[in-house]
Amino acid sequence: MADVLALIDANNFYASCEQALEPSLIGRPVVVLSNNDGCVVSRSSEARQLGIAMGKPYFQIAEQLARHGVVVRSSNYALYGDMSQRLMSSLEPFVAELEVYSIDEAFARLPRPRHGDLSRWAAELRGRIRHNLGLPIAIGLAPSKVLAKLANRIAKADRRHAGVFDLNAAPHPDPWLEQTPVEEIWGVGRQLSRWCRLRGIANARQLRDMASGELRAKAGVVGLRLQLELQGVSCLPLEEGPAAKRETCVSRSFSRAICVDDELRQAVASYVVRAAEKLRQQRQLCGRISVFARTSPFAPNFYSQAASAVLPVASHDTAVLLQAALPLVALIYKPHKRFAKAGVLLQELQPETQLQHHLLAPLPTEQQHKREALMQSIDQLNRRYGRGTVQWAACGMTPSWMMRREQLSRAATTRLGDLPIVWAR
Amino acid sequence: MPLLLIGALRGLRRPLRLPLAASTVAAGFPSPADDYIDVGIDLNEALIRHPSSTFFLRVSGDSMIDAGIQHGDLLVVDRSLEARPGQIVVAVLDGAFTLKRLVRHRGRLRLEAANSAYPPLELHQCGDVQIWGVAIHVIHSLGRHG
């Protein structure tokens, strides 16, 4: 029998990770805030039941949260990244193929058993992940990716499904498709959904059954593929393993506006340091570096500027990248502007191995090796003892513009000094 | 020396890669030691069977002292194992991780300390106890040297 596609994702992933490593949070309402403690980006089911809305700015609801005794956390990416890897590698043995789609969701392909029933398999997988990682997951099963995504939504929407919904096993799939508004279909953007609505196409069943010629005229092959997927014909293959990265970007909003050029330079320097570290982790070199900064788009006189420089020889050496990037800050800086965000983009990435002995190499081979050893040691120290243990002077000592993360939990799974305590008493 | 342990944590999902062979240049004679060089010992591989469900916790207190677990030790906990009587487990008790031995006593399960100063906890008497994971190793550092 044909293969089945599954969309497996973690419920309230960030909040669930917080609860998984901190037993005092089990059963309590928890919300996680976005960068700079801006908005609510994840709510535990307990917080959801209290009616706390997603995406609400923190300052607007801080009082409501306190009144209900909601635990508030800043985004702890070290923890979520580690738990995500654990989740994905736990799923792998259960499926034939896995495509990690985002930090908390993956598409999977698996053969349908002869008796056709996957509910036991799904229930066991859910139980296993809950037991081994403390994470609740939902599973949608269908013949195509678009339908698997839709089935996953149904699995989560109704408690009675217990986190699993198999669209193939449903005797009458049409009512489920009719329940899914066209805006909620994976791959339908704002433009296409507006176009659909204007033609009276409001849900997934109607989109599936509309004249394909009309859809093709509007959305081309992409639209046709979408329709075929809704009809249960799998057109979108699983993509295993991430493609080699072509660009690496590090950008952040500041906790307060920056007006002084020195501070902007420090911010850019610290992003270069982080980006170079990422580059070395990816075993890549970059050929071009861009620096950008902008003011708040909500304030009058919006200003945004970028500048880039080509490196004479591709590199991942922090000092080389700093040398190229810092002069660019002077080009984009403008006095009296209140900068809200800046970033660094590394482009023209290539594998480390491509550059062997270059005639233009700035350093003799032996010195080049020494530099690489130095970078390695710095990366190791920072991984071992926490980011910023070895710091580049260009980044400044105690920057006050740094991202606000006032309610950050500990790096409980990735740092020895941050391990949770188990009481022997 | 705690350095060894730090390496173990970092390599959880990325095994330590050590050279397989000492001589890399094709010219000349190969090192006679090449045939005898092994990949080295990776503590993660040796101690941890299920890396994705294994967590590290820090022990605080002396109630497990008779089981060889001391204050400040590093505890390796596998959450994928089903707890069986006789094993040392991490339980969630009053919102905190608590270390005990799971014991069957007169047909009932209870959690015991490994220190006579602490009374046992009858599982049927305490309301909400969850076994979080099974302790599989304890790493005790013999002070600082070097």
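Every residue in the stretch A:107-131 that is of a type outside the set (D, E, K, R) and under 23 Å from the mean Cα position of the chain (by Cα), please. Result: A:107, A:108, A:129.
When residues of the stretch A:234-263 are filtered for being surrounded by fewer than 12 Cβ atoms within 10 Å (Cβ to Cβ), of a type outside the set (A, V, I, L, M, F, W, C) and modelled with pLDDT under 85, how many remain? Please lay out each step first, then the result.
Initially, the stretch A:234-263 is screened for residues surrounded by fewer than 12 Cβ atoms within 10 Å (Cβ to Cβ), giving A:237, A:240-244, A:246, A:262.
With the extra rule that they be of a type outside the set (A, V, I, L, M, F, W, C), the set shrinks to A:237, A:240-242, A:246, A:262.
Keeping just the survivors that are modelled with pLDDT under 85 gives A:240-242, A:246.
Result for the stretch A:234-263: 4.
If you go through the stretch A:249-285 and keep only what is part of a helix (DSSP H, G or I) and touching a Ser or Thr at 6+ places or on another chain (Cβ under 9 Å), you end up with A:263, A:271, A:272, A:273, A:275, A:276, A:277, A:278, A:279, A:280.
Evaluate the following for residue A:20: is it closer than 23 Å to residue B:90 by Cβ, under 17 Å from the mean Cα position of the chain (by Cα) and among the hydrophobic types (A, V, I, L, M, F, W, C)? Considered against the rule, which asks whether it is closer than 23 Å to residue B:90 by Cβ, under 17 Å from the mean Cα position of the chain (by Cα) and among the hydrophobic types (A, V, I, L, M, F, W, C), residue A:20 comes out as no.
Across the stretch A:366-381, the number of residues qualifying as under 13 Å from residue A:281 (Cα atoms), surrounded by 12 or more Cβ atoms within 10 Å (Cβ to Cβ) and out of contact with any Ser or Thr (no Cβ under 9 Å at 6 or more places or on another chain) comes to 3.
For residue A:104, the conditions (1) within 14 Å of another protein chain (Cβ to nearest Cβ); (2) under 23 Å from the mean Cα position of the chain (by Cα); (3) on the phi < 0 side of the Ramachandran plot are fulfilled apart from (1). Which one is surrounded by the most Cβ atoms within 10 Å (Cβ to Cβ) among residues in the stretch B:51-72 that are within 7 Å of chain A (Cβ to nearest Cβ) and over 14 Å from the mean Cα position of the chain (by Cα)? Taking the candidates together, the pick is B:64. Only a single criterion out of (1) among the hydrophobic types (A, V, I, L, M, F, W, C); (2) within 11 Å of another protein chain (Cβ to nearest Cβ); (3) in contact with a Pro (Cβ under 7 Å, 6 or more places away or on another chain) is not satisfied by residue B:90, namely (3).
Restricting attention to the stretch A:195-227, the residues that are buried (at least 16 other Cβ atoms within 10 Å of the Cβ), hydrophobic (A, V, I, L, M, F, W, C) and touching a Ser or Thr at 6+ places or on another chain (Cβ under 8 Å) total 1.
Okay, residues lined up against (1) over 27 Å from residue A:2 (Cα atoms); (2) within 30 Å of the chain's Cα centre (by Cα):
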| site | (1), (2) |
| --- | --- |
| A:156 | no, yes |
| A:160 | yes, yes |
| A:164 | no, yes |
| A:175 | no, no |
| A:180 | no, yes |
| A:190 | yes, yes |
| A:203 | no, yes |
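Within the span defined as the stretch A:296-311, one or more residues are polar (S, T, N, Q) and on the phi > 0 side of the Ramachandran plot.
Restricting to the stretch A:389-401, count the residues that are surrounded by 12 or more Cβ atoms within 10 Å (Cβ to Cβ) and either at pLDDT 70 or above or in contact with a His (Cβ under 8 Å, 6 or more places away or on another chain) (or both).
Taking the stretch A:389-401 as the starting set, the residues that turn out to be surrounded by 12 or more Cβ atoms within 10 Å (Cβ to Cβ) are A:389-392, A:394-396, A:399, A:401.
Pick out the ones that are also either at pLDDT 70 or above or in contact with a His (Cβ under 8 Å, 6 or more places away or on another chain) (or both) and you get A:389-392, A:394-396.
Qualifying residue count for the region: 7.
Every listed requirement among (1) among the hydrophobic types (A, V, I, L, M, F, W, C); (2) part of a loop (DSSP other than H, G, I, E, B); (3) facing another protein chain (nearest Cβ under 7 Å) is met by residue B:81 save one, (3). Every test in (1) within 14 Å of another protein chain (Cβ to nearest Cβ); (2) without any contact (Cβ under 8 Å) to a residue 40 or more places away in the chain; (3) touching a strand residue (DSSP E or B) at 6+ places or on another chain (Cβ under 9 Å) is passed by residue A:178 save one, and that test is (1).
So which of A:312, A:335 is over 30 Å from residue A:205 (Cβ atoms) and either at pLDDT 85 or above or outside any strand (DSSP E or B) (or both)?
After applying the criteria, what remains is A:335.
Residue by residue, here is whether (1) surrounded by 23 or more Cβ atoms within 10 Å (Cβ to Cβ); (2) modelled with pLDDT under 95; (3) in contact with a Lys or Arg (Cβ under 6 Å, 6 or more places away or on another chain) holds:
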| site | (1), (2), (3) |
| --- | --- |
| A:113 | no, yes, no |
| A:121 | no, yes, no |
| A:126 | no, no, no |
| A:130 | no, no, no |
| A:134 | no, no, no |
| A:148 | yes, no, no |
| A:151 | yes, no, no |
| A:156 | no, yes, no |
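The values are calculated or read from the model by the stated rules, or taken from the named source; none is laboratory data. The structure displayed is predicted, hence computed values, not measured ones. Glycine also receives a Cβ, built like all others from the backbone with ideal geometry; neighbour counts cover every protein chain displayed.
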